[in-house]
1. In region 416-436, is there at least one residue being part of a helix (DSSP H, G or I) and under 19 Å from ASP511 (Cβ atoms)?
2. Mind listing whichever residues of region 67-82 are over 13 Å from GLY112 (Cα atoms) and either in contact with a strand residue (DSSP E or B) (Cβ under 6 Å, 6 or more places away or on another chain) or assigned to a helix (DSSP H, G or I) (or both)?
3. Take ARG55 and decide whether it is outside any helix (DSSP H, G or I), of a type outside the set (A, V, I, L, M) and surrounded by 15 or more Cβ atoms within 10 Å (Cβ to Cβ).
4. Taking ALA333, is it surrounded by fewer than 18 Cβ atoms within 10 Å (Cβ to Cβ), more than 16 Å from the chain's Cα centre (by Cα), at pLDDT 90 or above and not polar (S, T, N, Q)?
5. If you check ALA347, ALA328, ALA339, which single one turns out to be in contact with a Cys (Cβ under 7 Å, 6 or more places away or on another chain), surrounded by 18 or more Cβ atoms within 10 Å (Cβ to Cβ), at pLDDT below 95 and among the hydrophobic types (A, V, I, L, M, F, W, C)?
6. From LEU461, LEU507, grab the single residue that is aliphatic (A, V, I, L, M), within 18 Å of LEU532 (Cα to Cα), in a helix (DSSP H, G or I) and touching a strand residue (DSSP E or B) at 6+ places or on another chain (Cβ under 6 Å).
7. If we scan region 433-442, do we find a residue that is more than 28 Å from THR374 (Cα to Cα) and either touching a Gly at 6+ places or on another chain (Cβ under 8 Å) or among the hydrophobic types (A, V, I, L, M, F, W, C) (or both)?
8. Is it the case that THR374 is assigned to a helix (DSSP H, G or I) and touching a Gly at 6+ places or on another chain (Cβ under 6 Å)?
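The values are calculated or read from the model by the stated rules, or taken from the named source; none is laboratory data. Please read these numbers as outputs of a predicted model, since none were measured by experiment. Every residue, glycine as well, gets a Cβ built from its backbone with ideal geometry; the counts of neighbours run over all protein chains shown.
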Amino acid sequence: MAVEAGTRQEEQVAGRVWTVRLDPYGRPSAGTVRLSCSRPACTDQHFPCGAAAGRKAAIDHVNTHLARIRAGGGPRGEAWCACRAADCAWHTPEPVTGRPGGTRPGAVRCGGPVVLTVYADRAGRLWRIAEMCARCAAAAPGCRVLDTAPPPAGTNQAAGQPDTEQERADGTLGKGVAAVFSDHAPAGAPSSAAATPAPDPRARPATPGGAPRRAKRRGKIAQRIVPPGLEPEVLRLELIELGDAFRAYQRRTEPDLALLATLHERKARAFALWADVSGDGSLRHEAKRAETAAQTTREMHENRGGRPADGTAGDQPVVERLLTRPQAAHTRAVLDYAAAHAPYPQAEVRLAVLMLTLRAAKAGSGNVTGQELTGWLQNDAEEVVQRLVAAGWLRLPGTVAELMASRSEDPTAVTVPTLLPDRPRPFDFGKITRARVSGWAQKVVGDRKIRKKKATAATRLLALYTAAHTRPDGRLGRAEDGGLHLDQAAAFCTLPPDQVGEHAELLIAADWLTECDTIAGRLRGRLTERVLPLGGLL
């Protein structure tokens, strides 16, 4: 057996590898890149226009090689795995020296048909075309299979592929594994896993008369080829159908987050079982990633669509909300920060501090125009800015008059010293969340009907506070609290508690609240249907 295997290995030829690279060339300031290919017949090319032109040329060069390979018959079935020749470094963290073959214990063993693959790194600097075995292709991150070679004549398996028939006879593959997927329940059979006995993975019906078996359906999921001999059969079919389902979802013109969450859940279950069968730790890692993706997708569906992913919406309205639930939590943190760090207690100052904090929350500085300040504070804008500058809370590159004269085509970059990067960071959100929350506040403060009522800064603060503290149905406060604490709402708006009701009535007149009352120290009310998208879910 050893002599036969060695002879078979010697008959194989090395798998071909084409490597295309994009590297800087010359002085960094020149922006020139060099395109090089590992094939000796390909000469280097230089692109002074930058990396974008170089990447386009690199992709065209890769496609030219692929066209020639296909014209020459595609991948060769007798080729030796190019990944194995590189000590499987394409899918292991680092090659192990001093070990036969350079592989780690439990690493992916070569096997399966020879496939033609292409790999492109995320940075757009390296492209690799290679002839390699199907197992290495499935284990290499970012590797895409383009074609599969027919098996060489007179052989049943590629070199290095395990004897699956012998493993099946010994019971080492699929032993003790029972899996039933609801998507593959037989017609008329119960859908419960307990009611459907799992088939014996070692049982193989004999083919009468020695007739050739029907070719098994092939499939791919998550850049991995589903092995044709994977057992149990129901797992193999589930993986193939899941791959088809994900590709069909990517072709949809409109997203369906509920469907996507279901696909991720099925993928997590299937990959966990696949890891049990094969002993591949990377599959279990992929299963955990799918679980996380399913949970995140469900939250996105509930936050943005107003309906849980399981379809149990109850009497909640279906609303396309501006803020997700985590973004609403960040919004309330910014409101608390503005209330605690405003240098003066007046409502106009607190409103200006809140809006400027949102502009400078990420880097300590942000652009603002005089037109925006006037929209927030009306005739008090210049005086409020002057007070903030005098208190040292705000820094300007010029004078207050220059700031008030600035327009959208030439905004002024203002600085909030307490939010500079060298100071302790009061917020932990990124630039996308900052922009979303700032846009939300701008929509609330600049609401058309509130402006028509000539609402004061205190009324606008109350509109911000009520919008940021709502339930999915638009009611104020948490259900167990029965509304908002009147003292806390009054303190944020810099109002006496007995005056909150008057400003709430102004919001009712502006079609912001449908109702309100301040009985028993609680502010109760509900957002109108037109402003439900601005509600920040508690």
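1. First, the residues of region 416-436 that are part of a helix (DSSP H, G or I): 417-419, 431-436.
Subset that is under 19 Å from ASP511 (Cβ atoms): none.
No - not one qualifying residue is present in region 416-436.
2. ALA67, ARG68, ILE69, ARG70, ALA71, GLY74, PRO75, ALA82
3. So ARG55 fails the test.
4. Yes; evaluated as a whole, the condition is true for this residue.
5. Result: ALA347 is the single residue among ALA347, ALA328, ALA339 that is in contact with a Cys (Cβ under 7 Å, 6 or more places away or on another chain), surrounded by 18 or more Cβ atoms within 10 Å (Cβ to Cβ), at pLDDT below 95 and among the hydrophobic types (A, V, I, L, M, F, W, C).
6. LEU507
7. Going through region 433-442, the residues more than 28 Å from THR374 (Cα to Cα) turn out to be none.
No: zero hits.
8. Here the answer is no, as THR374 does not meet what is asked.
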